[in-house]
Every structure is written in C-alpha cells, then in structure tokens.
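Quick notes on the structure that follows.
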Amino acid sequence: MKEIYQLNKEELFRTCGNPEGLTTTDAKERLQTYGENTLVEQKKQSVASVFFHQFADLLVIILIAAAIVSMASGNIESTIVIFAVIIMNAILGTIQYVKAEKSLDSLKELSAPKAKVLRDGIKQEIASKDIVPGDILLLEAGDMIVADGRIIENFSLQVNESSLTGESTNVDKDDSDITEDVALGDRINMVFSGSLVTYGRANVLVTATGMHTEMGKIATLMNNTKSKATPLQISLDNFSKKLATIIMVISLIVFGLRLMQGEKILDSLMFAVALAVAAIPEALGSIVTIVQAMGTRKMAADQAIIKDLKAVESLGCVSVICSDKTGTLTQNKMTVQQLYTCDTLLNADQLDLHIPAHRYFLYNCILNNDSSIRDGKDIGDPTETCLLTMARKTKLFDVGVTEEVLRDLMPRLEEIPFDSERKLMSSKYLLHGVPTLLTKGAVDVLLTRMDSIITEDGIRPITENDRDRILEQNMQFSRQGLRVLALAYKECSDSEVLTAASEYGYTFIGLVSMIDPPREESMAAVSDAISAGIKPIMITGDHKVTATAIARQIGIFHDGDMAVTGQEVDRMTDDELTDVLPKISVYARVSPENKIRIVDAWQKKGHIVAMTGDGVNDAPALKKADIGVAMGITGTEVSKDASAMILADDNFATIIKAVLTGRNVYRNIMNAILFLLSGNLAAILVVLYCSIMALDTPFQPVHLLFINLLTDSLPALAIGMEPSDKKLLRNKPRDPKAGIFNKSFSLQLICYGVLIGIVTTVAFYLGDSVNALTASTMAFATLTLARLFHGFTCRSESSIIKIGIHSNLWSVAAFFAGVLLLGFVLLAPFMHGLFMIADLTVKNVLSILGLAFIPTFIIQITRIIKEAVRK
Ligand code: ATP
C-alpha cells in the first residue's frame with residue numbers, strides 16, 4: 001500500500017480530504033472519532049500516592065517518633081492528637097498539591113498552542129488540540145507545526161525538523177509528488193508535528209494527529225512543562241534538611257542534660273521531643289507554594305501568564321528589561337501620514353492615477369500586501385493594513401477599484417515573504433502585460449539596491465543627489481518618530497524564479513511614512529521601571545532615528561544616552577560593548593544574534609534580564625534571558641514556546657505589573673518565613689531555658705503542634721496575602737544571590753524570638769507558683785497569643801499605624817480565628833484532657849493577655865518612633 005507522501009494529489013484528496021478543508025460540524029464529528037490532537041502526557045501522580053508521599057518527610061518522621069515516645073510515656077491522648085494532626089497535615093498537603101496542579105493546568109491551558117486552519121472556508125485560529133485529520137493547516141514563518149500533513153500549496157516553506165530528525169539545518173519543502181520509498185527526512189512534501197516553520201508559508205492537508213503522528217510514535221513520554229522546584233523552594237528544602245539535623249543534635253544534647261539532672265528516661269525524652277516539635281516549621285512548605293500560586297493567579301488576572309514558576313521569583317530581581325517597540329511600547333495602530341514621490345510630499349488623496357509613478361506607488365501598496373480589510377475590520381499586519389486604508393482615500397477607490405477588485409484583476413505570480421532580517425517584501429505580478437517585481441521595505445536596505453528612479457518625466461538613472469534627497473526626507477520623517485517604508489519595482493523575465501538575489505536593480509518609486517503612537521500607559525510604566533532601579537531598553541527592528549524619537553517620548557532615552565544599530569553592535573568587541581552597555585538605551589535594526597549578545601553582556605555584569613520577543617528567530621534570545629517574555633497576540637508560537645511568561649495583551653506596562661507582583665510575592669513569603677521562624681525560635685528558647693534551669697517541661701508536643709499547624713498557619717497565610725504596595729517599586733531590585741538569612745532578617749528573627757520567649761518564660765514562672773500544669777498552660781497560652789499578635793507585626797516593616805489594620809482584613813480574620821481556637825482549647829473542659837490544660841483564673845487570663853501583647857507593643861512603638869524620627 002502506498003504511504004501518504006507517495007499519493008498523487010488526486011489520490012490524496014480522495015483518501016484524506018479536500019483543499020477547502022472541513023466544516024465545523026465535520027470537524028466536531030472527527031474530533032469524536034480521532035480524539036484530541038495531543039500527545040499522551042506523563043501519567044499524573046494519583047491522589048493516594050500524593051497523600052502517602054506527605055509522610056516521606058524527615059520532619060514528619062520526627063513527629064511520628066514523638067507520638068511513639070508519648071505513647072511509651074503513657075500519654076495516649078497526646079499520641080492520638082499527634083497522629084490526628086499528622087494525618088490532617090497530610091490531607092491538607094494533598095489538597096494543596098492537587099489545587100496547585102489544577103492551577104498549573106489552567107495556566108497551561110492559557111498558554112496552550114494555537115494553529116490557523118481553514119474551517120467553513122474561512123481562516124480561523126483554533127486550539128491545536130482541536131485539529132483533526134482533514135483540516136487544512138495554514139502555516140507561516142514562526143508557527144509550530146502541530147500535526148502531520150501533506151503540503152498542497154507551497155510558498156517557499158522552510159522548516160526545522162530537528163526535534164524529529166536531529167538535523168538542525170532548515171529543510172526546503174515543496175508540494176511535489178514522490179513515488180519512490182524515502183526516509184522521513186526526505187519526505188519533502190510532508191510536514192511533521194513538532195517542527196518549526198522558519199520561513200515562507202504553505203497550506204497543508206492534515207493526515208495524522210496526536211499519537212498517530214511521527215512524533216507520537218516515538219514520543220510516548222512528552223511532557224515539556226514539568227513543574228520544577230523554584231530556587232526559593234530548593235533553598236527552603238535545603239534549609240529544612242539542615243534544620244532537621246540541627247534539631248536532632250540539640251534534642252540529643254537536651255536529652256543528655258536532663259538525664260544528667262537525674263530525670264527519668266521517658267521524661268527526658270518528652271523534653272527532647274517537645275524541643276524537636278517546637279523547632280519544626282511544619283507549615284512553611286505549603287505557605288510558600290500557596291503564596292506563589294496566588295501570585296501567578298494575580299499575574300494572570302493582570303494579563304501576564306506565567307509558564308515557568310521560577311519566573312515569579314526572578315521577576316522580583318529583574319534589573320534590565322529589553323522591550324520590543326512596535327506593539328509593546330507603541331499601540332501597533334499605524335496610520336499613513338505623508339507620502340513622498342517624484343520629489344514631492346503628498347497626501348493620499350493627491351495621488352494622481354494618470355502619473356505612472358503614482359500608479360506604481362498604489363500597485364505596490366495594494367498588491368505587495370498580504371492583509372485585507374473585511375467588514376471594516378483590519379486583518380493582518382498593521383504596517384500593511386494602513387496602506388490599504390490609505391489606498392481607500394485615493395481616487396482609485398472612488399471609481400470602484402477596491403483592493404479586492406485590483407487583486408482579482410492581477411493575481412500574484414510569485415513572492416518572497418517579509419522577514420525581519422531582510423526587512424523587505426517582494427511579489428511578482430503581470431503589470432500592463434510585463435512581469436514586474438514590486439518590493440517594499442526598510443529605506444536603508446532598499447535604497448542601496450536602486451539603479452534608477454521614476455519621476456514625472458519618466459525613468460532615469462538614480463544620482464547621488466537623488467539618494468541624498470531621499471535620505472534627507474527619510475530623516476525628516478524619522479525624527480518625528482514615523483516609520484518609513486521605501487517602495488520600488490523592477491521589470492523581470494517570465495521565467496525568472498524569485499530568490500533573495502532577485503531583490504536588486506530596482507527603480508525607486510517613493511516613501512510612505514506612518515505613525516504608530518506610544519501606548520498611553522507606556523510612559524508611566526517606564527517611569528515606574530526607572531524608579532524601581534530597572535533599566536528599560538528599547539530593542540527594535542525599526543530605524544534608529546524613529547526608534548530614538550519614540551524612546552525619547554516614552555522616557556526611555558535621555559540626553560547623554562546612546563542609540564546604536566545592530567551593525568554597530570556587530571563591530572564592537574565584547575569589551576567595548578561591556579563598556580558602553582549602561583549608556584545604550586536604544587538598539588535599532590537588531591538581528592536575533594544581537595539580542596543574544598545584549599542579554600549575555602548584561603548577564604555578565606550580574607544583571608537579571610527580561611527580554612521580549614515575537615519572531616521566529618527570537619527563541620534563542622528568549623531562552624537565554626532570565627525571563628523570556630512572548631507576545632500573546634502578535635507573537636509566533638515558537639516564541640511563546642521558548643518563553644517563561646506570555647503577555648496576553650502584548651503590553652510593556654504588564655511586565656511592570658508582573659514585576660510588582662513578583663516583588664510582593666517574595667516580600668510576603670519572606671515575612672511569612674520571618675513570622676513562622678521567630679515564633680519557633682521563641683518556643684525553642686523557652687524549652688532550652690527550662691532544660692538548663694532543670695525546670696519542668698514548659699510545653700507538651702501537642703501544644704506546639706497546635707500552634708505550628710493551626711494558630712500559626714492562619715496569620716502566615718494572611719501575611720502571604722498582603723496586598724502589593726506601589727512603594728515596592730521604589731526599592732532597588734533584589735540581589736538574586738543574597739540568601740534568605742541576610743543580616744537584617746537574622747537580627748529581626750532573633751529580636752522577635754527573644755522577646756516572645758521572655759514573655760512566655762515569665763508566664764511559665766507565674767503559673768509555676770501554682771503547679772506544673774498551670775505553668776505549662778500559661779506558657780502555651782501566652783506563646784500562642786503572642787504569636788497571633790505577632791502576625792500583625794510581620795505584615796510589613798512599617799508600623800501597623802502606617803499600613804492600617806484594615807488594609808489586610810485576612811490578618812484580622814486570622815487573628816480572631818486563632819483566638820477562638822485558643823479559647824476553645826482553654827475553656828472547653830473536654831479539651832483539657834487532650835491538651836493537658838489546667839483551669840485558669842481570671843487573673844491568669846489577664847496575665848496571659850498582658851504578657852502576650854508586650855512583644856508586639858514594644859516592636860510597634862519602636863517602629864512608630866523610628867518613623868517619626870525619619871519624618
Ligand atoms: P519591533 O522589533 O520593535 O517589533 P519592528 O516591528 O519595527 O520592531 P520589524 O517588524 O522587524 O520590526 O520591521 C523592521 C523593518 O522592516 C521596519 O522598520 C520596516 O522598515 C520594514 N517592514 C516592516 N514590516 C514590513 C512589511 N510588511 N513589508 C515590508 N517591510 C516591512
């Protein structure tokens with residue numbers, strides 16, 4: 001039997017479908033038959049295995065040991081509570097894991113690849129998972145190929161099939177018939193899922209989807225969006241491991257100490273266990289995960305879709321943002337301004353069709369153009385749609401010759417599509433019976449390829465004088481921030497097949513200038529970036545003078561800054577580039593290689609770089625940057641695949657919003673860690689003090705578990721939800737290499753821990769004057785309440801008066817929920833047995849309240865005084 005690549009077109013259409021594609025109803029039916037166009041993903045962990053995985057944690061193992069020791073010492077209630085708590089913790093951990101997976105899945109959904117197909121005879125963009133055999137795929141440069149198919153119409157298609165064949169060079173494809181048996185790499189009339197379109201375009205009849213594609217046959221396990229641990233999670237994991245070892249060593253020392261003091265083995269063991277439980281920050285891991293997940297949700301709501309969780313952290317450290325101009329900093333809404341032809345400046349309505357130069361001007365704008373205007377809506381590249389809008393203002397349109405009529409009259413014979421490296425677009429037509437190549441593109445590129453010029457008096461060789469005048473006009477337009485295209489044509493032979501070598505020897509027709517105003521929010525976003533210690537840089541394919549004019553308007557380019565072109569960068573050595581790097585705020589006419597060099601140079605200086613990109617060749621630079629940022633609307637699938645974040649609205653201001661959220665997430669996580677660890681430190685200090693002073697054990701393990709898992713988790717979560725504050729944009733970017741425990745963090749940790757430790761010890765002594773049970777009850781209640789109050793302190797570095805209680809109502813709710821839980825344990829008689837609680841007098845309760853408030857009072861008063869002094 002013949003393989004699909006060996007069928008001739010007739011057989012192909014008979015067996016696989018027709019060139020008009022499918023109807024929506026057909027496609028739906030086929031989706032039922034063939035299934036979704038996806039590769040089977042790595043099997044997800046089952047809920048049960050996630051649950052059991054929660055027990056494979058050193059800290060949980062210590063807790064289990066604690067339960068066993070409690071049981072051995074006859075304290076069955078305590079054992080039950082510890083086990084109940086461990087199981088509850090595992091259930092919570094499982095719920096969080098499943099939720100986090102779900103939220104990652106919905107993020108994946110948001111960034112899922114799309115493909116263009118012909119359905120119901122209309123070009124439509126659909127999710128690639130909905131592609132079915134029989135669909136017509138419309139491929140163009142920058143697309144990821146999402147199914148296998150046979151090429152039915154080819155326009156210089158080149159693809160990179162390295163993921164399938166390992167061959168990294170681009171392969172030329174065509175729509176010819178192949179009769180012999182050939183290997184996969186030589187089936188040039190086919191395209192395969194997993195390859196990239198690097199050049200040209202083609203229409204393809206889909207012949208296989210999902211696991212039936214060549215990629216599906218070899219890739220049983222394809223899962224490229226694995227959720228890897230972020231640097232913060234890794235450093236916290238390492239910290240937990242170290243902490244566990246230290247805890248065990250100290251616990252052993254305490255155990256020995258108590259034995260030496262003549263205590264019974266089991267009692268000494270209980271002491272050591274209490275210490276271990278006090279020190280373990282059980283809630284830490286889940287709080288970090290939850291706060292990060294909330295951060296990605298907030299970013300998605302702000303139009304920044306995170307594909308790699310690491311980006312949430314790196315965003316807080318970004319110190320350089322390299323941004324495209326067109327569409328990201330500007331609106332990408334082009335409007336033609338003035339035209340220049342026959343050495344005269346004109347408006348569109350002044351084009352006179354009797355003048356040949358004007359006629360060629362219009363032919364070029366309308367025919368050498370892939371976009372259209374349908375039902376008043378622009379379809380295609382704004383640089384091209386604005387040319388059509390301009391043409392509609394001319395007399396041609398008045399006499400009924402619309403672009404559709406003209407395009408029907410003069411069908412395109414051949415083309416070399418636009419690409420940002422050549423900066424040209426050419427297409428061949430039969431104009432007045434003569435095969436003619438129409439070309440438009442960047443002035444500096446096209447002007448060097450002109451031999452002649454068309455004037456009102458006819459065609460004559462172009463002189464240096466002409467070139468100077470054209471360049472001067474180009475400069476005048478560019479200085480106003482206008483984008484300028486040059487238009488040219490040349491007569492060619494019928495038989496000539498178009499290649500890049502054909503794009504020489506032109507006749508100059510004229511220039512067209514267009515305005516693309518900056519986005520309204522760009523200016524504020526740029527000024528926010530600068531005050532946040534971030535250097536915004538414009539990297540564009542546009543002309544240097546145009547780019548500089550726009551950069552100046554937006555606030556990226558200031559007096560004394562430099563603007564350089566890609567060619568100038570090419571001429572610099574690495575050392576020269578490093579020297580001038582901080583001064584350059586505009587790079588114009590850049591190539592994808594330039595982008596990689598710029599990122600590399602900044603990274604070598606120790607900066608964290610975010611870089612935007614949309615083109616097919618931007619993938620390496622997007623991968624090289626610390627945060628590759630792709631454009632959700634105009635970006636190619638290849639660039640989206642290579643990036644860590646996608647801007648759903650293509651807007652520069654969205655990057656700054658994401659930076660703010662990134663900084664806030666990090667700050668909140670740090671504050672939550674400070675809160676949890678300072679509370680734990682207090683408990684450790686009290687236990688250590690009591691063991692050295694040969695006092696009774698101040699807490700039962702259940703007390704500490706109650707605090708760590710319940711009353712402490714609530715304020716920690718509330719701290720994680722602290723809303724972002726624009727003031728965060730006034731700080732310098734965080735140093736990514738600085739660890740968690742810097743000097744100020746450690747100092748605060750110790751101060752807060754000691755303060756809470758002291759008041760808890762005082763409470764213990766007060767209770768000790770009654771009996772041992774009252775002592776430990778007082779210590780437990782004071783520690784719990786002091787930590788609940790402490791939750792307000794750890795919300796911010798500022799005083800609570802400055803930030804206001806109401807600015808985070810979660811923290812108020814967390815406080816009252818914690819107080820209720822504590823009240824329940826202290827006052828409900830049936831809890832007394834489980835938690836080993838003594839009956840308290842009113843005086844006891846008042847002492848607890850007073851003592852627990854003291855640390856927060858001292859810290860807040862200190863902050864208020866400091867703030868007043870600073871004012
Ligand atoms: P950015 O990188 O900021 O998005 P850009 O959109 O200006 O910049 P390109 O799209 O690479 O960058 O365009 C580079 C140059 O190519 C433009 O300055 C223009 O002169 C020319 N150009 C752009 N679009 C077309 C087109 N459709 N046909 C012909 N020439 C074009």
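The values are calculated or read from the model by the stated rules, or taken from the named source; none is laboratory data. Note that the structure is predicted; figures quoted are calculated from it, not measured. Note that we place each Cβ from the backbone using ideal geometry, even for glycine, and neighbour counts take in every protein chain shown. Heads up: the accessible areas ignore ligands, DNA and RNA and are worked out on the full protein's heavy atoms, side chains in. Shrake-Rupley method; radii C 1.70, N 1.55, O 1.52, S 1.80 Å.
Report, by residue number, each residue of region 383-413 that is of a type in the set (D, E) and within 16 Å of the ligand (Cβ to nearest atom). Matches in region 383-413: E384, E403.
Considering only residues that are in a loop (DSSP other than H, G, I, E, B) and within 15 Å of the ligand (Cβ to nearest atom), which ones fall in region 605-619? Those that are in a loop (DSSP other than H, G, I, E, B) and within 15 Å of the ligand (Cβ to nearest atom): D614, G615. At least 1 residues being β-branched (V, I, T) is the threshold, and among the helices (runs of 4 or more DSSP H) wholly inside region 806-871 those reaching it are 809-827, 842-870.
Need the failing condition index for A551 against (1) modelled with pLDDT of 95 or more; (2) closer than 25 Å to G316 by Cα; (3) within 15 Å of the ligand (Cβ to nearest atom); (4) open to solvent by 10 Å² or more (accessible area, probe 1.4 Å), just the number. If we test A551 against (1) modelled with pLDDT of 95 or more; (2) closer than 25 Å to G316 by Cα; (3) within 15 Å of the ligand (Cβ to nearest atom); (4) open to solvent by 10 Å² or more (accessible area, probe 1.4 Å), just (4) comes out false.
If I filter region 336-350 for residues that are under 27 Å from S420 (Cα atoms), more than 16 Å from the ligand (Cβ to nearest atom), among the aliphatic types (A, V, I, L, M) and in a strand (DSSP E or B), do I get at least one hit? No, region 336-350 has no match at all. Being in contact with an Asp or Glu (Cβ under 6 Å, 6 or more places away or on another chain), farther than 19 Å from L107 by Cα and of a type outside the set (A, V, I, L, M, F, W, C): is that true of N617 here? No, not satisfied.
In the list V291, V312, V277, which residue meets the criterion of being assigned by TED's automatic domain parsing to the domain that holds H607, open to solvent by less than 10 Å² (accessible area, probe 1.4 Å) and part of a helix (DSSP H, G or I)?
Working: V291 fails: assigned by TED's automatic domain parsing to the domain that holds H607; V277 fails: assigned by TED's automatic domain parsing to the domain that holds H607.
Result of the check over V291, V312, V277: V312.
Do we have any residue at all in region 425-432 that's open to solvent by 50 Å² or more (accessible area, probe 1.4 Å), closer than 14 Å to L485 by Cα and in contact with a strand residue (DSSP E or B) (Cβ under 7 Å, 6 or more places away or on another chain)? Checked against the condition, which is being open to solvent by 50 Å² or more (accessible area, probe 1.4 Å), closer than 14 Å to L485 by Cα and in contact with a strand residue (DSSP E or B) (Cβ under 7 Å, 6 or more places away or on another chain), region 425-432 yields no hits at all.
Kindly check whether there is at least one residue in region 296-303 that is surrounded by 22 or more Cβ atoms within 10 Å (Cβ to Cβ) and either in contact (Cβ under 8 Å) with a residue 24 or more places away in the chain or touching an Asp or Glu at 6+ places or on another chain (Cβ under 7 Å) (or both). Yes, region 296-303 contains at least one residue that is surrounded by 22 or more Cβ atoms within 10 Å (Cβ to Cβ) and either in contact (Cβ under 8 Å) with a residue 24 or more places away in the chain or touching an Asp or Glu at 6+ places or on another chain (Cβ under 7 Å) (or both). For region 844-864, the set of residues classified as within 48 Å of the chain's Cα centre (by Cα) and of a type outside the set (A, V, I, L, M, F, W, C) consists of G850, P855, T856, Q860, T862, R863, listed by residue number.
Of A786, A775, A814, A779, which residue is closer than 30 Å to E77 by Cα, within 33 Å of the chain's Cα centre (by Cα), surrounded by 14 or more Cβ atoms within 10 Å (Cβ to Cβ) and not acidic (D, E)? Before you say what the answer is, go through the steps one by one.
Numbers: A786 fails: within 33 Å of the chain's Cα centre (by Cα); A775 fails: within 33 Å of the chain's Cα centre (by Cα); A779 fails: within 33 Å of the chain's Cα centre (by Cα).
On inspection, the qualifying residue turns out to be A814.
Can you tell me how many residues in region 674-725 are within 36 Å of the chain's Cα centre (by Cα), in a loop (DSSP other than H, G, I, E, B) and modelled with pLDDT under 90? I'd like the intermediate steps shown before the answer.
Filtering region 674-725 down to residues within 36 Å of the chain's Cα centre (by Cα) leaves 674-680, 708-725.
With the extra rule that they be in a loop (DSSP other than H, G, I, E, B), the set shrinks to 712, 721-725.
Next cut, modelled with pLDDT under 90 only: 712, 724-725.
Qualifying residue count for the region: 3.
Report yes if some residue within region 624-637 is away from the ligand (no atom under 12 Å from the Cβ), under 15 Å from the mean Cα position of the chain (by Cα), at pLDDT 90 or above and of a type in the set (K, R); otherwise report no. For region 624-637, residues away from the ligand (no atom under 12 Å from the Cβ), under 15 Å from the mean Cα position of the chain (by Cα), at pLDDT 90 or above and of a type in the set (K, R): present.
How about region 59-178: which strands (runs of 3 or more DSSP E) wholly inside it have at least 2 residues that are in contact with a Gly (Cβ under 7 Å, 6 or more places away or on another chain), open to solvent by less than 30 Å² (accessible area, probe 1.4 Å) and over 30 Å from L275 (Cβ atoms)? Before the answer, list the steps.
Working: elements: 114-119, 122-127, 136-140, 148-160.
Output list reads 114-119, 136-140.
Listed here are the residues, each with its yes/no results for (1) at positive phi; (2) part of a helix (DSSP H, G or I); (3) surrounded by fewer than 19 Cβ atoms within 10 Å (Cβ to Cβ).
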residue	(1), (2), (3)
L232	no, yes, no
N238	no, yes, yes
M248	no, yes, yes
L252	no, yes, yes
F255	no, yes, no
L259	no, yes, yes
E263	no, no, no
L269	no, yes, no
V273	no, yes, no
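Residues in region 447-485 that are touching a Ser or Thr at 6+ places or on another chain (Cβ under 7 Å), within 16 Å of the ligand (Cβ to nearest atom) and among the hydroxyl-bearing types (S, T, Y): S478 only. Among the residues of region 190-211, write down those that are open to solvent by 10 Å² or more (accessible area, probe 1.4 Å) and closer than 10 Å to V146 by Cβ. Of everything in region 190-211, those that are open to solvent by 10 Å² or more (accessible area, probe 1.4 Å) and closer than 10 Å to V146 by Cβ turn out to be S193, G194. Among the residues examined, T439 does not qualify as in a helix (DSSP H, G or I) and polar (S, T, N, Q). Checked against the criterion of being modelled with pLDDT under 85 and touching a helix residue (DSSP H, G or I) at 6+ places or on another chain (Cβ under 9 Å), the candidates G149, G194 yield just one match: G194. Any idea which of D57, D105 is over 30 Å from the mean Cα position of the chain (by Cα) and among the charged types (D, E, K, R)? Residue meeting the stated conditions: D57. Just the residues that are of a type in the set (D, E, K, R), surrounded by fewer than 24 Cβ atoms within 10 Å (Cβ to Cβ) and under 21 Å from V146 (Cβ atoms), please, taken from region 615-664. Of everything in region 615-664, those that are of a type in the set (D, E, K, R), surrounded by fewer than 24 Cβ atoms within 10 Å (Cβ to Cβ) and under 21 Å from V146 (Cβ atoms) turn out to be K623, E637, D641. Take E568 and tell me if it is surrounded by fewer than 19 Cβ atoms within 10 Å (Cβ to Cβ), part of a helix (DSSP H, G or I) and within 15 Å of the ligand (Cβ to nearest atom). In short, no.
On the basis of being surrounded by fewer than 19 Cβ atoms within 10 Å (Cβ to Cβ), within 15 Å of the ligand (Cβ to nearest atom) and within 24 Å of N347 (Cα to Cα), does D444 make the cut? Yes, satisfied. Within region 370-413, restricting attention to residues that are in contact (Cβ under 8 Å) with a residue 60 or more places away in the chain and out of contact with any Cys (no Cβ under 7 Å at 6 or more places or on another chain), the residue that is surrounded by the fewest Cβ atoms within 10 Å (Cβ to Cβ) is T383.
May I ask you to verify whether I416 is in the same structural domain as A486 (by TED's automatic domain parsing), buried (at least 17 other Cβ atoms within 10 Å of the Cβ), farther than 30 Å from S591 by Cβ and under 39 Å from the mean Cα position of the chain (by Cα)? Let's see the steps before the verdict.
Details: in the same structural domain as A486 (by TED's automatic domain parsing): yes; buried (at least 17 other Cβ atoms within 10 Å of the Cβ): yes; farther than 30 Å from S591 by Cβ: no; under 39 Å from the mean Cα position of the chain (by Cα): yes.
So I416 fails the test.
Within region 414-440, the set of residues being over 14 Å from I366 (Cα atoms) and either without any contact (Cβ under 8 Å) to a residue 12 or more places away in the chain or near the ligand (Cβ under 10 Å from one of its atoms) (or both) comprises P417, F418, D419, S420, E421, R422, K423, L424, H432, G433.
In region 504-554, what residues are part of a loop (DSSP other than H, G, I, E, B) and charged (D, E, K, R)? Break it down stepwise before answering.
Restricting attention to region 504-554, the residues satisfying the condition of being part of a loop (DSSP other than H, G, I, E, B) are 504-505, 516-517, 519-521, 532-534, 540-543.
Across region 504-554, the qualifying residues are D516, R519, E520, E521, D542.
Between A718, A694, the distinction of being in the same structural domain as R663 (by TED's automatic domain parsing), surrounded by fewer than 21 Cβ atoms within 10 Å (Cβ to Cβ) and not polar (S, T, N, Q) belongs to A694 only.
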